[in-house]
1. Along the positive direction of the dipole of the protein assembly as shown (beta-carbon charges: Lys, Arg +1; Asp, Glu -1; about the Cα centre), which of B:Leu49, B:Pro369, A:Val28 reaches farthest?
2. Shielding of A:72-81 by partners, i.e. mean partner chain Cβ atoms within 10 Å per residue?
3. In terms of modelled amide H atoms, which long-range or inter-chain residues lie less than 5 Å from the amide H of B:Gly135?
4. What is the helix-to-structure angle for B:121-131, meaning the angle in degrees between its Cα long axis and the longest Cα principal axis of chain B, kept from 0 to 90 and rounded to the nearest 10?
5. Sort B:55-61, B:32-38 for me by packing, meaning the mean count of neighbouring Cβ atoms within 10 Å per residue, highest on top.
6. Within 10 Å of each Cβ of B:135-143, how many other protein chain Cβ atoms are there on average?
7. Taking only DSSP H segments of four or more residues, each worth -39500 (n - 2.57), what value at 222 nm results for chain A once the sum is divided by all its residues, to the nearest 500 deg cm²/dmol?
8. Between B:Arg32 and residues 5 or more places away or on another chain, which pairs have amide H atoms under 5 Å apart, with H built 1.01 Å from N, and which residues are they?
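Values quoted throughout were computed directly from the atomic coordinates according to the rules given, and no laboratory measurement underlies them. Since we're looking at a predicted model, the values are computed, not measured. Glycine also receives a Cβ, built like all others from the backbone with ideal geometry; neighbour counts cover every protein chain displayed.
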Amino acid sequence: MPFELRDHTADVAVAATDGSVDGVFASVADGLAAASCADVPDPGECDSDRFSLTVAAESREALLYDYLADLIYERDVRTVLPVDNEASIEEPRTEGPEADAWHLDASARGVPLEAIDAREVKAVTYSEMALEETLQGWRAYVVFDV
Amino acid sequence: MTTYDANGITLQKVREHVWEIPQDEEMGAPARVLASEALLEEIADDRTLQQLKNATRLPGVRKQALCMPDGHQGYGFPVGGVAGIDAESGCISPGAVGFDINCGVRMVRTNLTYEDVQGHERELVEELFDAIPSGLGGGGVLETDVETVEAVLERGVDWAREAGYATEADLAHCEDEGRRKEADAEAVSQKAKDRGKNQLGSLGSGNHFLEVQRVTDVLREEVADAYGLSEDEIVVLIHCGSRGLGHQVCTDYVRRIEEAHPDLLDELPDKDLAAAPAGSRLAEEYYRAMGAAINFAWVNRQLITYRTRKAFEEVFDADWEGLGMELLYDVAHNIAKKETHTVDGEDRELYVHRKGATRAFPAGRPEVPDAYREVGQPVIIPGSMGAGSYVLRGGEDSLSETFGSTAHGAGRTMSRTQAKNDFWGEDVQEELEGQQVYVKAQSGATIAEEAPGVYKDVDEVVRVSEALGIGDTVARTLPVCNIKG
């Protein structure tokens, strides 16, 4: 599993690693899902369609923050828990109207909240956030407010 | 001089229960921790002290940043943190309020005694659990449209009164009469409104709960009389906040401030301290949006009160007015408000940030409702499911010591992950039932995470508050039944 839930006095932290930046984004998102629900049903066990989202932000770190914030937003308005996350990141373009913005195309399988026992994660925080390339690949650390 | 060292930070003992981190070249002001030695050891066990030091770097912090006796690590600004920041030359920080804007507590009195409730506990806990939406995706008492949400954001509990969910007396016994006048629905994003429209009147999960309690001890008779509390009386305590709407408001403004004020952010040691300079467009807009989210939270707790009254009517076969189910008080513990305080002998308007801290104004302050102005405002300090809770009144020394603030609860000592390793929800539930406390939650994991053993000693928190004169004990309560998400 490329993520771990880490101790935090009142909240929950997710530490994730992956060979690619795309993978580490998706792993943090999967960690967010695991922080909400310990026992997510497999695709065959309940109706759970995939949905897509796109995010743009001024930096890679801000992109991760906005991505996780948008997953929490989607959870509340779709009343599904986003799991089995996939993410694809595009670096800033140098020309055109969207120059200087980082882009993310993502998708998730939405498990209906009524089908699971899930705890509410309130928000993503910047506190102690880390997103960096290491010799082994990429690592991220994100604290969520519970 | 007595000192205490923790993780490279030295605190000097100023006097009993007051510890100071002296101002160094990085800090904008000194910082103080209000704690006994036992509580200080727990507070110093995580990053609370570093976060408190960081909080002094917010521009315009006056006197000192403070950590209340129940403080613990949060994100950016510590939980239990209080900072009075100059409203002309300082800043306002969404992270120093917290994501759950106006997370708070209210207490509803009844004229029932513990004897009246004994034998009905199981029925009552089931009725309340069915009546009060809780957990993730549990909906709300009201699942409505954006137009109604906007009315709630602008008018607060006054909207609930007009819609038949509240009485005039409910307004009169709520902080600010349940309405922040600066609230502006237009300052709240569509995303926030979308999240809020299906959650109005819901507990959520985590440490939020509704608890039926019995008053076991009256500790200040005259004040208890003014609050309408007597020994053996049944009361209801409701703890929750502004739900997804408030969380989204904070998220939106942290990001907007990050984009608009990068220079200020660069000077701060933690991005979650992101702050808008006082007088800037974003500072004013955030203040109006926060006011709207505060109103939403008050209506949220009011709708839960409405359903609670109905549940009691079912179980006790009497109307709620006959059961004496009047609101004692509703008070926020995640909030920033413009208040006037004396600093260096001068009255200054400050943004008083309280994150996991309760306003505790003493008798005489004009902000205290008429009903309590002669005795001081009620302060409600929830404890754990096993240890009970307290009602305090704002202490005389709170204005000089803490910008009129005290603790907000027992404060966690153990992470949720460790709690789930150390406790098993069903075991905790059975143990509590052995103590005549009936608990029902959406999952056993929630009960384990909120087990009595994961909290500080609420008696000690309250003892320190009393000793410092910032909050005087009025009554103690013990749980009878508890529901949570």
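1. Comparing the listed Cα positions along the dipole, B:Pro369 ranks first.
2. Values: counts 5, 9, 0, 4, 14, 6, 1, 5, 1, 2.
Counting other chains' Cβ atoms within 10 Å and averaging over A:72-81 gives 5.
3. The list, which skips near neighbours in sequence, is B:Leu203, B:Gly204, B:Ser205, B:Gly485.
4. Tilt of helix B:121-131: around 70 degrees.
5. Numbers: B:55-61: 22.9, B:32-38: 21.3.
Descending mean neighbour count gives B:55-61, B:32-38.
6. Details: counts 5, 14, 13, 4, 3, 0, 0, 0, 0.
Counting other chains' Cβ atoms within 10 Å and averaging over B:135-143 gives 4.
7. On the way: 2 runs with 35 residues, N = 146.
Result for chain A: -8000 deg cm²/dmol, rounded to the nearest 500.
8. For B:Arg32, whose amide H was placed from the backbone, the distant partners under 5 Å are B:Ile21, B:Ala65, B:Leu66, B:Cys67.
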